[in-house]
Structure formats: C-alpha cells, structure tokens
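Working notes, structure below.
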Amino acid sequence: MAPDRPALAAAAVPRPPLVSRLRGLVSLAVVAAVVAVAYRQTDFDIVALFTGAADFWRFFGRLVPPLSEMGSNWGAYLPQLAKPLIETLQIAYVGTFFGTLLALPLLFLASANTAIDPVTMWVARVLLTVLRSIPDLLWAAILVPILVVGPLPGAVALTLFSIGVLAKLGSETVEAIDPGPLEALRAAGAGRLATIVYAVIPQVAATMVSFVLYVFEINVRASVIIGLVGAGGIGFTLQQRLNFFDYTGVGLIIVVIFAVVLVIDAISVWARSRLI
C-alpha cells in the first residue's frame, strides 16, 4: 500500500519548538495586557460610541441645508471659497517644493553608504528625528505668533514637515540600492558627488518622485488642518465659519475639501503608477 503523501509531508514539517511557542504566547499576552490597560486608562467606551451616534447625526443634519435651499445657499458660498482653496493648494505646493530641495542633501548625509563620516551621519539623523517628532500642526502653532497670521507660517511648517519625511524615506531608499555601481565608481576613482550623481540617483529617482507626490498629498490635507490655528488657507475659513456657527458654510467647505483631496489622490496614484 502506497504511503499517504499529504500525511508524509505533514510529518516532515518540523513542529515549532516549545520555546518558540511560549515566546509567541507571551507576546500575545503582553499585547493583550497593554490593550487592556490602555482601554481602561483612556476611558474608551464602546457603548458611548453608539449612544452618541444620535448627536452625531443631529450635528450632521445641520451641515446639510434642505434640498429646496441647497442650491441657493451653497451657490452663494462657492465663489467665496475659491481664493482660500487656491491658497491651501499653494501652501501645500510651496511646502513640498522647498521641503524637497532641503531634504535632498540631508538624505545623502543621513545614509550610511553616502555619508561623509559617521559623525555627520549621526548629526543628520538627529536633525531629521527632531523634525519628524514635532507635528506639522504644532509647527504651525509655534510659527503663527512668531511670523504672522496667514499662509507664510503654514508654508514654513509644511516645509519642515516635508524635510523630515522625505529625507527619512529617501535615506532608507538609498541604503537599499544595489552597491555594485557605487563600488565600481569608487574603485575607478570617482569623487563623492560623481558617485551620487551617476550611481545613486539613477536607482532612486523614480522612487523619490513617488515619495514627493505622496508627501504633496499629505500636505494638501495638512494645510487644511494647520489653517485652524491661523496658518491661512481654507482651514482658516473653516475655523471662522465654526466660530460663527455657520453650519451651512461648514458643510460646503467639507464637501469641497473632500472633492479636492479625492481628485489629487487620483492624480497622484496615476502618476506614481507611471513612475514605478
């Protein structure tokens, strides 16, 4: 009688040792314990989420005017949103543009295979950590009193945020490249700049452009949020409408923001699919 092949294959697979299984159980227990402690200390209440749903729908109803009045109300608001919406896109674009320019030298200084020396690499990585550790909203809140209420602090805040993100992603990409061309140019006596230009950039260019498009998507959303602290754009207009309890205007702004972000996401996804 021929042996059962599936049974033989199952028998041939070694069972995980007892230590590995215990390690897995301990890891699951630690995760469950941390979740349980966080659940209690944050007063997370699932029941409250469902009981508060009625208040949410009541507030949502204020944002949407009756169908008979929607055309006239939203039609009167739309022309007023053109300027702050364009300003929001400009803040995101300027922040992404200057963030990319400043991130390019930093990402090579922070990469182990292109850094000048270990000290320079450490300083660059510490700087990037500091930039990433401060959220863009906090950057804007700090810069608004220092500079002026308007788009300038928003653009600077998104520039600093973009530097931290792009340089971090870029340095990890540079460290993962094929070292063959890099070593060949170094063996031929090429300098550091020539090595980066001819061996590193061709390997990471498409990926970096994809990262820049992704950061621009994030900055468009972030430029709306930082406007709530006085950094200009449509977020500043949204804050004004909220202060005056103008829920009809708030509802239209939310719809406009959703539509713009949706279009930008679609364009960015299409562009990234062409690059990678």
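Brief remarks follow.
- Listed residues Leu228, Gly180, Leu262: farthest to the positive end of the dipole of the range 161-267 (Cβ charges): Leu228
- Centroid-to-centroid separation of the range 134-194 and the range 96-124 [C-alpha atoms, Å]: 7 Å
- For the range 95-104, 3J(HN,Hα) computed residue by residue from phi via the Karplus equation (6.51, -1.76, 1.60; θ = phi - 60°) reads x, 5, 5, 6, x, 5, 4, 7, 6, 4 Hz, glycine and proline entered as x.
- Shown in residue order for the range 119-130 are the 3J(HN,Hα) couplings computed by the Karplus curve 6.51 cos²θ - 1.76 cosθ + 1.60 at θ = phi - 60°: 5, 4, 4, 5, 4, 4, 5, 5, 4, 5, 5, 5 Hz (x for Gly and Pro).
- Given +1 at the Cβ of Lys and Arg, -1 at the Cβ of Asp and Glu and no other charges, the dipole of the range 81-275 around its Cα centre is 120 debye to the nearest 20.
- Between the residues Tyr93, Ala33, Ile116, the greatest Cα displacement towards the positive end of the dipole of the chain, with unit charges on the Cβ of Lys, Arg, Asp and Glu, is found for Ala33.
- Mean-position separation - Cα centroids, the range 76-91 and the range 17-52, in angstrom: 45 Å
- Stokes-Einstein diffusion coefficient of the range 165-268, Kirkwood radius over Cα pairs, 20 °C, 1.002 mPa s, in µm²/s: 128 µm²/s
- Per-peptide packing, taken as the mean over residues of other Cβ atoms within 10 Å, places 238-248, 34-44 in the sequence 238-248, 34-44 from highest down.
- Ordering of 138-146, 259-267, 161-169 by burial proxy (mean other Cβ atoms within 10 Å per residue, highest first): 161-169, 138-146, 259-267
- For log10 I(q)/I(0) by the Debye sum over Cα atoms at q = 0.08, 0.15 Å⁻¹, the value computed from the atomic coordinates appears in the list [x] -0.42, -1.09; [y] -0.57, -1.14; [z] -0.30, -1.17 under label [y].
- Phi angles across the range 80-85 convert, under the Karplus curve 6.51 cos²θ - 1.76 cosθ + 1.60 with θ = phi - 60°, into 3J(HN,Hα) values of 6, 8, 4, 5, x, 5 Hz, Gly and Pro given as x.
All of the numbers you see were taken from the coordinates with simple rules; none came from a lab. Quick caveat: nothing in here was measured; it's all calculated off a predicted structure. Positions of Cβ are backbone-derived with ideal geometry, glycine not excepted, and every protein chain shown enters the neighbour counts.
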